[in-house]
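*Asks:* Before anything else, here's the structure in question.
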Amino acid sequence: MEPASGVTKRLVERLSKATDLAVLTGAGVSQESGVPTFRGEEGLWKQYRAEELATWRAFEGDPGLVWSWYDYRRQLVSDTEPNPAHTAIAELEKGYPHFSLITQNTDGLHDRAGSSAPIELHGSIWRARCTAEQTVCDLLESPLPDVPPHCPTCGALLRPDVVWYGEPLPMDAYEHSHQIASRCDAMLVIGTSAVVHPAASLPLVAKHNGAFVVEVNTAYTAISALVDATLLGMAGDLVPEIARRVLEAVGSPGGATNPVSRTASA
Ligand code: NAD
């Protein structure tokens, strides 16, 4: 691991020589938009911790309570905007022949920032799933008119279309992400504590397969000792700087050379 020394020339060179970039994001990328992470005091709602509410057991016991928490989070997110880190990730996409964004976030802010196809490993708070038929529908109204909401087709209880603690990830999203991690030649890991598995293993899969892995976080994490570089700081400062310098180097909009010539020299 390199010491946290900012966005060095070498780091920009390594990232700009990659032709297949994967970006993995966690709650930290949305923190500067005003969406709290689950860690520490700011993750509390009333007296509850997220781990006590984001479970099937909690939902079964009191669906109204769990939906009230989601209704609160949905309103909180709808009052926020994507921040410069989300926007820079959407910009970075233009600089690579192959680009993938994998997010653990459920807030929809990558979509709103213009990312074309974020893989939402943990689902979205803007969708719901029928507990009887398992059909998925958009649920965009905020605040919700009815808590808990019911399926417009069959009347059964709806649940948020998110992955709760103790539940497996959707197989297709995980397999797709695993493939991306196995084949990418660089990965940016932004604002994740890398303790929620299996998402946390993706940077290690990438590293194991020879990718250059860079972490952006306000603190060292469980994977810091294993990645190529950890940049300590706010995602909203560091990611736009990385994107600007990499896009300049690869000659994407605003840069000097053509991405194809960059590929040839990689
Ligand atoms: P986490 O809460 O475990 O960790 C957040 C990480 O972000 C920490 O390592 C922290 O040091 C870092 N961080 C905080 N502010 C930052 C900033 N401004 N810039 C850079 N880094 C910053 O989040 P996680 O790893 O994503 O895992 C928790 C789970 O909670 C995930 O499954 C996620 O789906 C869910 N979650 C999602 C949201 C959301 O959708 N916005 C919010 C809270 C939790």
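The values are calculated or read from the model by the stated rules, or taken from the named source; none is laboratory data. On a predicted model such as this, the values are computed, not experimentally measured, just so you know. Counting neighbours? That spans all protein chains shown, and the Cβs are built from the backbone with ideal geometry, glycine included.
*Asks:* Of the residues in the stretch 1-49, how many are at pLDDT 95 or above, over 26 Å from PRO97 (Cα atoms) and touching a Phe, Trp or Tyr at 6+ places or on another chain (Cβ under 9 Å)?
*Replies:* 1
*Asks:* Kindly establish whether SER193 is under 22 Å from GLU32 (Cα atoms) and not hydrophobic (A, V, I, L, M, F, W, C).
*Replies:* It is true that SER193 is under 22 Å from GLU32 (Cα atoms) and not hydrophobic (A, V, I, L, M, F, W, C).
*Asks:* Follow-up question, since we're still on this one. Among the residues of the stretch 179-193, is there at least one that is closer than 20 Å to ALA54 by Cα, touching a Leu at 6+ places or on another chain (Cβ under 9 Å) and surrounded by fewer than 18 Cβ atoms within 10 Å (Cβ to Cβ)?
*Replies:* No: the stretch 179-193 contains no residue that is closer than 20 Å to ALA54 by Cα, touching a Leu at 6+ places or on another chain (Cβ under 9 Å) and surrounded by fewer than 18 Cβ atoms within 10 Å (Cβ to Cβ).
*Asks:* Moving on to the next point. Pairs only if they're at least six apart or on different chains, beta carbon under 9 angstrom, first in the stretch 29-43 and within 17 Å of SER78 (Cβ to Cβ) and surrounded by fewer than 17 Cβ atoms within 10 Å (Cβ to Cβ), second at pLDDT 95 or above and of a type in the set (Val, Ile, Thr); list them, first residue then second.
*Replies:* GLY34/VAL77; GLY34/THR80
*Asks:* Can you list residue pairs whose Cβ atoms sit under 7 Å apart, with the first residue in the stretch 154-167 being within 20 Å of ASN105 (Cα to Cα) and the second being within 16 Å of the ligand (Cβ to nearest atom) and among the β-branched types (Val, Ile, Thr)? Count only pairs 6 or more apart in sequence or on different chains.
*Replies:* Cβ pairs passing all conditions: PRO160/ILE125; VAL162/THR106; VAL162/ILE125; TRP164/THR55; TYR165/THR55; GLY166/THR55.
*Asks:* Checking the structure you have, find out if any residue of the stretch 214-233 is in contact with a Ser or Thr (Cβ under 6 Å, 6 or more places away or on another chain), exposed (fewer than 15 other Cβ atoms within 10 Å of the Cβ) and either under 28 Å from TRP126 (Cα atoms) or not β-branched (Val, Ile, Thr) (or both).
*Replies:* no
*Asks:* Of everything in the stretch 50-79 that's within 16 Å of the ligand (Cβ to nearest atom) and acidic (Asp, Glu), which residue is modelled with the lowest pLDDT?
*Replies:* By that ranking, first place goes to GLU51.
*Asks:* Further question on the same structure: Do you know which of the residues in the stretch 143-173 that are of a type in the set (Gly, Ala, Ser) and modelled with pLDDT under 95 is nearest to ARG49 (Cα to Cα)?
*Replies:* Within the stretch 143-173, the match that is nearest to ARG49 (Cα to Cα) is GLY166.
*Asks:* Does ALA222 satisfy the criteria of being part of a loop (DSSP other than H, G, I, E, B), modelled with pLDDT under 95 and within 12 Å of the ligand (Cβ to nearest atom)?
*Replies:* yes
*Asks:* So, one more: Looking at PRO170, PRO152, PRO118, PRO143, can you tell me which residue is surrounded by fewer than 20 Cβ atoms within 10 Å (Cβ to Cβ) and within 22 Å of VAL195 (Cβ to Cβ)?
*Replies:* One residue alone meets the criteria, PRO170.
*Asks:* Regarding VAL147, is this residue outside the structural domain of PRO198 (by TED's automatic domain parsing), in contact (Cβ under 8 Å) with a residue 60 or more places away in the chain, away from the ligand (no atom under 11 Å from the Cβ) and more than 14 Å from the chain's Cα centre (by Cα)?
*Replies:* On the way: outside the structural domain of PRO198 (by TED's automatic domain parsing): yes; in contact (Cβ under 8 Å) with a residue 60 or more places away in the chain: yes; away from the ligand (no atom under 11 Å from the Cβ): yes; more than 14 Å from the chain's Cα centre (by Cα): yes.
Taking the combined requirement at face value, the residue satisfies it.
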